[in-house]
Amino acid sequence: MLHRILLVAALFLPAVLLVGACDGTEQPGVQVQTEDVRVGTGRAAAARDRLRVSYEGRVAGKTTFDAGSFTFVLGNGEILAGLDQGIVGMKVGGQRRITIPPALGYGAETLRAASGATLVPSGSTLVYVVELLDNSGPAGG
C-alpha cells in the first residue's frame, strides 16, 4: 500500500521540485508529443476542468515505473507539466500516448522509491499512456 501511495505521489512531486516546469509557465522550444491511441466521444478536456484519468508511466524504452488512476484539475500544476499539456483536448473515453521531454517531466531530478531504488533517472524522457475516464467540467472556486 505504501508503495502505491509513493508512486501516485510521484506525479505531484514535480510541482515542488521543478517549479519552472510545473508552475504553468511556458518552456520555449519544449513540447510534448501526443498520439491518440483511441479517440473518445465525450467532453473534451480544457484548462480548469476536473478530470479523472487512468495512466501508465514509463521511462522511454524501459519498464513501467508508475500506474494508477486519480482525479485532478487540468492546468493547476497538480501533475507533471508535460501531462498538463498533453491531456488538453482529450475526450472522455479516449486514450493518448504522451511523450514528455525531461524539461516537462522530472528534469535533472532522480525519482527514487522509498527503498532508494531509482525509478526515474535524471534527464529521462517519459512516456505515459493516459485514458480520460471522466470530465466533470470546470472546477469550482
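Computed from the coordinates by the stated procedures, all read-outs in this text should not be read as laboratory data. Computed from a prediction, not measured in an experiment: that's the story for all the values here. When we count neighbours, we look across all protein chains shown, and the Cβ atoms used for this are built from the backbone with ideal geometry, even at glycine.
If you count, for each residue, the other Cβ atoms within 10 Å and average over each peptide, how do 42-49, 83-90 line up from highest to lowest?
Per-residue mean Cβ counts within 10 Å order the peptides as 83-90, 42-49.
So who's got an amide H within less than 5 Å of the one on Ala67, skipping anything under 5 residues away but keeping other chains? H placed 1.01 Å off N, in plane.
Gly57
Can you compute the modelled spin-label distance between Ala113 and Ser69, with each label point 7 Å from Cα toward Cβ, in nm?
Placing both labels 7 Å beyond Cα along the Cβ direction yields 2.4 nm.
Using a Förster distance of 25 Å, how high is the FRET efficiency between Ala46 and Arg97, based on the Cβ-Cβ distance and rounded to 0.05?
0.75
Among Tyr106, Thr41, Tyr55, whose Cα sits farthest toward the positive end of the charge dipole of the range 39-141 (+1 at Cβ of Lys/Arg, -1 at Cβ of Asp/Glu, about the Cα centre)?
Going by the charge dipole, the pick is Thr41.
Counting only residues 5 or more places away or on other chains, whose amide H sits under 5 Å from the amide H of Glu109 once H atoms are built in the peptide plane?
Gly123
Kindly state, as a whole number, the per residue volume in cubic angstrom of the convex hull around the alpha carbon atoms of the range 21-141. All intermediate terms of the calculation are to be shown ahead of the outcome.
On the way: hull volume 12.8 nm³, N = 121.
Considering the Cα atoms of the range 21-141, their hull volume per residue is 106 Å³.
Which peptide among 123-131, 109-117 comes first, and what is the full order, when sorted by highest mean count of other Cβ atoms within 10 Å?
Packing order, densest peptide first, comes out as 123-131, 109-117.
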